Amino acid sequence: MIDTFSLALSHALLLIAAWRLVARPDLDSDGVRPGPPDTDILGRPRARGGARGDPDA
Amino acid sequence: MRELGFMGFLGALLVLGLKRPFLFILAYIYIDIVSPQRLTYILLPSIPVSMLMFMLAIGAWLVADRKDDMRVGARQIMMLVLLVYCGLTTYYIAEFQVEAYEKWDWASKALIFAIFLPLALRTKLRIEAVMLFMTLSLAAIIIGAGIKTALGGSGYGSFAMMVDNNSGIYEDSTLSTAAVMMIPIILYFTKWGSIFPPDWRVKLFSYALIGACLLTPIGTQARTGLVCAALLFVLMLRDSKRKSLFIGGAALAGVLALPFVPSAFSERMETIGGYQADSSASTRLAVWRWTFEFAQEHPLGGGFDSYRANRISVATTTVSGSGPSQTMSTRVHTDQSRAFHSSYFEMLGEQGWFGLALWLAIHGIGILRMEWLRRHYRGERAPEGFQWVSPLATALQNAHLVYLLGSLFVGIAYQPYFWILVAVQIGLDTYLARLRKAAAWKPLADQVSEPGTPKLVPTGQA
């Protein structure tokens, strides 16, 4: 029971960390600006100028 | 059920690794520490997960990562020499060939990975990610150990830590040393973490984890852990701004921890001073003496597991009664094939004077380099955006010193966990050296146009 809790908590945090790392462009190069990546999780470029419905678009 | 969880977790890391290959390296670090194949019984133990991830990590780096600005540290070359030397002693010298090859198998892998890892630590975030994976992977074991201790369970060598076989990082003294060693790194995350930016949740988890780290030596009754915790306290005092508050806080924490200390623990800790009555400590001294003599006869070392050749007799003296009726009884017992119980003697006995010197140099340079970084980037001397360097170098140096003290009493010279720490230090050092070099570089045109630079004029116009 205690072991399961210990494993579940640590592995959940490891997964969240891995997920956040995938979304960080500065993982592979310091030069890029920190913040959300230019591509989505599948590597497709995000639409420039905001999403549909964005007043700034 | 647990097996499914592990499979799902590893599967998720593999999928994420396809997007960012650096995650394969993190996944290997996780497998190396937690060894999920040892915690499950059906499918995972039959797959060489560790080997596969090792190949994947290095393969992905070779294929997909940038290598144009790569730097190799002097310590990586020294580790490579140590690796080759270990290989030679295993092949030519080792008396216990079968056991030596078994140890070579995992020790060489730990060294190869530690030589490789700094090459991949090209960004600040990668350095942080490796430390976070080291911390959270250890937390998988430590959280459980801490809770069990708090609930009153303890016992050296019998403390149920999820696995039956008491080896690797799951060995009690090794785990205690690793737990105390990670405390400065966890504290770094409470201030400078960027994957989990420090907020109240991160701080709560970190302090609870530090509590579990401190309870681990108590639960495992590993005396080494207590000595390490004492050293860490002194080391942290050196950088604490409000020293009296720090001492007061530590004393309060000690008092609060007292109810959790099992009586068996206090009895065992009392034996730290009286080693003559303690056969475990006396045996250690005898083994160390044997190793020293062995090294005189075998200056090149005896190869892995050379301790198996020893045969020692230990006399333990106990005093009973008090005053004039005090009686002293001496008991002699013989032991053979006692492990080194010290990394320093492990290196001396297995790799001889050359191996020991190399190992000491690798660690000594690490401590000195961290001290240089600590000072070079301290306070106002740190360039904008590099305020994190000095605290990180301090945390890594404190962790390293804790390891070197724990190593006095535990044979952990080749344990992968501690080599990863060395690799992170080298990675930080080479990363900053690269940035310093880039900052100093200027295009030639800019240098020529600076005032005071002698101008070259074509001879015909002079």
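A few remarks follow.
- Gyration tensor verdict on the range B:98-247 (Cα atoms; rounded if a/c is under 1.5, prolate if a/b is larger than b/c, oblate otherwise): oblate
- Label-point separation, residue B:68 to residue B:439 (7 Å along Cα→Cβ), nm: 2.3 nm
- Solution diffusion estimate, µm²/s, Stokes-Einstein, the range B:1-65, Kirkwood Rh from C-alpha pairs, 25 °C, viscosity 0.890 mPa s: 206 µm²/s
- Proximal charge balance of residue B:74 [Cβ under 14 Å; K/R count +1, D/E count -1]: +2
- Proximal lysines relative to residue B:203, as straight alpha-carbon distance under 19 Å, when same-chain residues fewer than 8 apart are discounted: B:191
- Whether the range B:64-149 is rounded, prolate or oblate, judged on the alpha carbon gyration tensor where a/c under 1.5 counts as rounded: oblate
- Sites matching GluC sites (Glu not before Pro) across the range B:352-437 that sit in DSSP coil, with at most 15 neighbouring C-beta atoms within 10 Å: B:384
- Computed over all pairs of different Cα atoms, the Kirkwood value for the hydrodynamic radius of the range B:335-438 is 15.0 Å.
- Annotation for the range B:43-127: trypsin sites (Lys or Arg not before Pro) lying in DSSP loop with at most 13 further Cβ atoms inside 10 Å of their Cβ are B:66, B:67.
- Neighbours of residue B:65 by Cβ distance under 9 Å: Lys/Arg scored +1, Asp/Glu scored -1, total +2.
- Simple label model, 7 Å out from Cα along Cβ direction - residue B:201 to residue A:15, nm: 1.5 nm
- The Cβ shell under 10 Å around residue B:36 holds other residues with a net charge of +1, Lys and Arg each +1, Asp and Glu each -1.
- Based on Cα contacts under 8 Å between residues 6+ apart, the range B:1-65 shows a relative contact order of 39 percent.
- Förster radius 51 Å - calculated FRET efficiency between residue B:3 and residue B:84, Cβ distance, rounded to 0.05: 0.85
- Panel order for B:305, B:105, A:28, by other beta carbons found within 10 Å of each beta carbon, from fewest to most: B:105, A:28, B:305.
The numbers here are math on the coordinates, done by the rules we state, and not lab data. Please read these numbers as outputs of a predicted model, since none were measured by experiment. As a convention, Cβ positions derive from the backbone with ideal geometry for all residues, glycine included, and neighbour counts pool all protein chains shown.
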